[in-house]
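Reading through the structure tokens given below for one structure.
The values are calculated or read from the model by the stated rules, or taken from the named source; none is laboratory data. These figures come from a predicted structure and were not determined experimentally. All Cβ positions, glycine included, derive from the backbone under ideal geometry; neighbour counts span all protein chains shown. Ligands, DNA and RNA are stripped out before the accessible areas are found, and what is left, the full protein with its side chains, is counted by its heavy atoms. Shrake-Rupley method; radii C 1.70, N 1.55, O 1.52, S 1.80 Å.
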Amino acid sequence: MRFGLELANVTDAFADSEFTLFRSLAESPTGRVMALRYPGGAALSRRDFDALTETAKLLGAKGLVWIALADETRSSIQRFITQPLLANLAHRVEAEKGDAILLVGDQRDDALTVAGRLRNEIGDRIGARDPERFAFCWVLDFPWCEKDPETGEIAPAHHPFTAPKPGQEHLIESDPLAMRAQHYDMVLNGYELGSGSIRNHDPVLQHKIFEMLGLSQEEIEARFGFFIDALRYGAPPHGGMALGIDRIAMLACHETSIRDVIAFPKNQAARDLMMDAPSAVPQKSLRELGLAIKEPAPKR
């Protein structure tokens, strides 16, 4: 929003490349090769590019391919760079002589995540992310669900009560991962200020969503029966969102952590140093609540 440098999906450019890593990604329906322009990047030395590669790895990349558009083109994959490929990539990212082209390849979500982080890194390096400029935007059309990376099961991207995008309810049974949600985020300068959604108010549709998530009829009734019943009484269409006032104050004060604008911030161990909390609970309070603290068994 503030500094351009849009990412370009150049996966197809490597469909016939001899660079097997990117060609394999081009042959995979879930593979992606993302390209980014680095203004003035051709002036970097090989050592500079090596350091940038290590930075990219810290950002989550498995590696980094770079192409320097100097008087003589230099690249970390020099022998695989043909003139048609170079012209194609430069056109896609609007790179000119004196710039560099950075490429990251991986499975779709990982490639996009890393490329986005790398873009912010380059934006900081060239001084393009102006902290005095406030650029608001809405993020819409989130996927309704996603696969849990550990279990492979479908899980809500927001929460299970989010309404699907109108006209996409049929995807619940045929292709749930393609279904979009009425879920929205307000973003300012790369930070989420608030998030919300339009809620599902149709009891039949909500029941189908629970089934899609793998819940049995017994589980639906035990865990959400009261909710389905409430919808049957005629809940109107409804939604909302919540704004993070502390995040807004942080950006207005040009800080980078909300701890700098909160009166009693918690540290990374979740302790409130001002109030010395959490602290020991008196035995009297434990007895009133019928609780007991069990000491962990000593390690052998």
Any residue at all in segment 274-296 that's open to solvent by less than 70 Å² (accessible area, probe 1.4 Å), over 30 Å from Lys147 (Cβ atoms) and part of a helix (DSSP H, G or I)? yes
I'd like to check something: does segment 173-181 contain any residue that is surrounded by fewer than 17 Cβ atoms within 10 Å (Cβ to Cβ), over 30 Å from Pro131 (Cα atoms) and among the small types (Gly, Ala, Ser)? yes
Please go through (1) at pLDDT 95 or above; (2) among the small types (Gly, Ala, Ser); (3) open to solvent by 60 Å² or more (accessible area, probe 1.4 Å) for Ala163 and return the number of the only condition it doesn't satisfy. (3)
The number of residues in segment 7-36 that are under 21 Å from the mean Cα position of the chain (by Cα), open to solvent by 20 Å² or more (accessible area, probe 1.4 Å) and at pLDDT 95 or above is 3
Scan segment 78-109 residue by residue and report those that are part of a loop (DSSP other than H, G, I, E, B) and surrounded by fewer than 16 Cβ atoms within 10 Å (Cβ to Cβ). Thr82, Glu94, Glu96, Lys97, Gly98
Answer residue from segment 131-148, given it is farther than 19 Å from Met212 by Cβ and open to solvent by 100 Å² or more (accessible area, probe 1.4 Å) and is farthest from the chain's Cα centre (by Cα) among those: Glu132
Given the criterion without any contact (Cβ under 8 Å) to a residue 60 or more places away in the chain and among the acidic types (Asp, Glu), identify the matching residue among Asp99, Asp109. Asp109
Checking the conditions here, which among Glu153, Glu121, Glu173 is touching a helix residue (DSSP H, G or I) at 6+ places or on another chain (Cβ under 8 Å) and closer than 30 Å to Val204 by Cα? Glu173
Count of residues meeting criterion [among the hydroxyl-bearing types (Ser, Thr, Tyr) and at pLDDT 95 or above] in segment 119-160: 0
With Leu85, Leu89 as the choices, which residue is closer than 16 Å to Ala13 by Cβ and under 26 Å from the mean Cα position of the chain (by Cα)? Leu89
Qualifying residue in segment 88-101 (condition: at positive phi and not small (Gly, Ala, Ser)): yes
Would you point out the residue of segment 22-55, among those that are in a loop (DSSP other than H, G, I, E, B) and of a type outside the set (Gly, Ala, Ser), that is nearest to Arg92 (Cα to Cα)? Pro39
